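A quick write-up on the structure given underneath.
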Amino acid sequence: MNLFNRAEIIDQNFSNLLNNNTLPQSDKELSLSDISLGANDLISIFESQIFSRHMDLKARDLKEKGQCFYTIGSSGHESNAVFGNIFPFSDIAFLHYRSGAFFIERSKQLDGGTPLYDMALSFMASSDDPISGGRHKVIGSKKLNIPPQTSTIASHIPKAVGTAFSIDRARDLDIKERELEKNSIVICSFGDASVNHASALSGFNTARWVKSSGGNVPIIFICEDNGYGISVPTPRDWISNTFSNQENLKYFYCDGLNMLDTINVTKEAEDYCRLTRSPVFLHMKTVRLMGHAGSDIESSYLSIGQIEKTEKNDPLLHSARILIENNCLSKDDILKLYEKSRNRIHSIFEKATTKPRITESSEVMDTIISKDIKTDNPSIPNEKIRASIFGKEYKRLDQPGHMAKLINYALKDIMIQYENTLVFGEDVAQKGGVYHITADLYEKFTIRRVFNSPLDETSIIGFASGLAHNGFLPIPEIQFLAYLHNAEDQLRGEAATLSFFSQGEYTNPMIIRIAGLAYQKGFGGHFHNDNSLTIFRDIPGLILACPSNGADAVRMLRTATRQSYKNGRIVVFVEPIALYMVKDLHKSRDNKWCFKYPDNKEELQLGEFVTYGRGRALTIISYGNGLYHSLKAQPEIEKQIKKKIKVIDLCWLSDIDIDSIIKEIGKSNKVLIIDECRSSGCHGEGLMALLYENSKNNISIKLHAAEDSFIPLGEAATSTLPNYNTIIHHAIELHKNG
Ligand SMILES: Cc1ncc(C[n+]2csc(CCOP(=O)(O)OP(=O)(O)O)c2C)c(N)n1
């Protein structure tokens, strides 16, 4: 026997210790009569534990033969089958990656499933895998109410909290898009090392914060504590010391080796959570077998004695003893069940190895964007309803206004039209946001739809993602662009990948409004003037909007909402702070940057851009503040070169319709791109590449972007940015020499 092949040893231990009557004992004396489940349930749970174990063993074997992409197993954690039995499948479950037994046991609640085969297909990364279509080995199923999770530990916790909050809120608001049952709760499991992660702490904290503020958060956090995070031991009593005494987080402990104890405590935890609609922390102590993952050699950081001691405490051995002691199964029955399960898993996995895999990039990318998740958008509200919501403002809608006012109007109309929208973020409710963009939405739509979040961007984006799992269309606000980076993973790693990993079966539409960009004099320095949108450039499927004026902002916000509602798209809507209150373009009181609120049907379609002027001598392409400053410079440029030019406002920084832009540039073969963002990695850089690649004409392009600098406070605040003079300078140079 190979000492390093612990799989073989663990497998043989099962039959040997059973045959020798040397099964491990438990400290807790419990019997069938102490629990509320019957013998059949125990047998079912045990069977799911065995299936899960054989999957790990078989997958290891196939991995060695190069036929399987096995990465991480469930061995030692099989008591999570108890959770799969106790929690009805109507309780949505955001699961730890060691949840094989949970998945199998939950699937027994539905007739006609093929969970073993489906999981085998996922291990094999086959395109037949019903959940990820061969894109990742994930545990997930739409039917079983288990959204697949990414490999990033703890990152599912903030969204699970959002989903928990959504359950009672969707019931109270009676939104028609609601997906989860009224009295359901959320299951969210993870490992003991993961609880240290900022995302996890963000989730626990938000759940408690919301409960303390009067909201309901029916969630059971399940910590499956095997004592290690890969090779790093969790300090003794760390989990109980940290979580057993937190307000609004009821702590339960169970012995994960003893299925009877796990059943009893889980039932208690469930009753408490379902009844009180409060967060619960269920701490299940268990062991980890066969190391962290396929490639992990435990003996490099644990002694053989330690490894063997753990293996003797295999939860399957404990379960076998419990079933024998309670006369549910005999030793022979168990041995037969064990071998029969081995054969079944063997043939299922062998079959799965023959199934197709995705090969083409087009197939891979097919699910990045989901389409038509809803048939239709809600209809535009009638004027009576609008008049009652807008109140005194209704008559003023025709009067030209600045961007801040117009976005506020648009949000009101959107909230009337889309009853499943929620607006939340830091200070957005009573205060109406730092810039009053959400002013009086709270009064008009009540705290149920407009509420303040805790001061935590991770929780804001995670919350949005979780709300969207239950039919809401969240419109979260990030107070300043620089602070989005605190929450980056919730957008980039989580929200943006959900459709990809679930073949569009799960989506988390949202419109994230972010106040940002530079050109504010005398306010904030770098962190309130952050001028980089690079983070959004490489997120597949993300829609990025950056309007330059109120009327376009309104039209774009409507398109964004429609796209999000109907196609599940994630939209980042960047609002240039410096333009919020701007009314004039060329001179004081000319009111040329004030616009009438567009008719409720008007939109600016994805990829559509706006052109100012028809001249051919030069084309300036820009967006946001850069566009505003380019338009200011346009008359002077035209005066100096004695020719007319045109200025294009990109409006959308994703979904760029390059063919139409090239057509618009037409015969003018000189293009000046003005980008207010830092030069390295800015969108202008990408646009320049696109133009060079796609243009058939000989074309001269100059990118005038901001310096690769942070923004200082005071006089020099705009010194690193394109401005009126530099734009004129570059335009003339390009016209002359380009
Ligand atoms: C954010 C993040 N950092 C690092 C990793 C690499 N990693 C994967 S699993 C793991 C250990 C997790 O331990 P624990 O939460 O105790 O769960 P266990 O694997 O023991 O069940 C680490 C560090 C990761 N997946 N995600």
Item to check | Inter-part distance where the stretch 563-598 and the stretch 265-327 are each reduced to a Cα centre, Å | outcome: 55 Å
Checklist entry - Which of the peptides 250-256, 705-711, 278-284 is most tightly packed, and how do the rest follow, going by the mean number of other Cβ atoms within 10 Å of each residue? => result 278-284, 250-256, 705-711
Checklist entry - Sorted by average packing, counted as other Cβ atoms within 10 angstrom per residue and highest first, what order do 225-238, 77-90, 315-328 take? => result 77-90, 315-328, 225-238
Checklist entry - What's the percent breakdown of Cα-Cα distances in the chain across 10 Å bins, shortest bin first? => result 3, 14, 22, 21, 16, 12, 8, 4, 1, 0
Item to check | For the stretch 628-661 and the stretch 53-83, distance of Cα centres in Å | outcome: 58 Å
Next on the checklist: Run the numbers for Phe523 and Lys587: contour at 0.36 nm per residue of separation, minus the present Cα-Cα distance, in nm.
Outcome noted: 20.8 nm
Checklist entry - What full-extension length gain, to one decimal in nm, is calculated for Ser31 and Arg448 as 0.36 nm per residue of separation minus the Cα-Cα distance? => result 145.5 nm
Checklist entry - Angle, helix 259-276 long axis vs. longest principal axis of the chain, Cα atoms, 0 to 90°, nearest 10? => result 40 degrees
Checklist entry - So, with a 1.4 angstrom probe, what is the percent of accessible area on the stretch 120-199 that is carbon and sulfur? => result 46 percent
Item to check | Amide N of the stretch 711-738 lying under 13 Å from the label point, which is placed 7 angstrom from the Cα of Asn669 along Cα→Cβ | outcome: 738
Item to check | Tyr394 versus Ser15: modelled label distance in nm, points set 7 Å from Cα along the beta carbon direction | outcome: 8.1 nm
Item to check | Asp174/Thr534 FRET efficiency (R0 41 Å; Cβ-Cβ; nearest 0.05) | outcome: 0.50
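Taking the mean number of other Cβ atoms within 10 Å as a proxy for protection, how do you rank 727-738, 17-28 from highest to lowest?
Ranked from most to least packed, the peptides come out as 727-738, 17-28.
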Checklist entry - Using a basic spin-label model with each label point 7 Å from the Cα along Cα→Cβ, how many nm lie between Ala39 and Arg616? => result 9.2 nm
Checklist entry - Given the Cα-Cα distance of Leu275 and Arg236 and 0.36 nm per residue of separation, how much length would full extension add, in nm? => result 10.8 nm
Next on the checklist: Run the lone-cysteine check on the chain: no other Cys C-beta under 4.7 Å from the residue's C-beta.
Outcome noted: Cys68, Cys188, Cys223, Cys254, Cys273, Cys328, Cys546, Cys594, Cys651
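The values are calculated or read from the model by the stated rules, or taken from the named source; none is laboratory data. Keep in mind the model is a prediction, meaning the values are calculated, not measured. Positions of Cβ are backbone-derived with ideal geometry, glycine not excepted, and every protein chain shown enters the neighbour counts. Remember, those area values only see protein heavy atoms, side chains included, never the ligands or the DNA or RNA. Shrake-Rupley method; radii C 1.70, N 1.55, O 1.52, S 1.80 Å.
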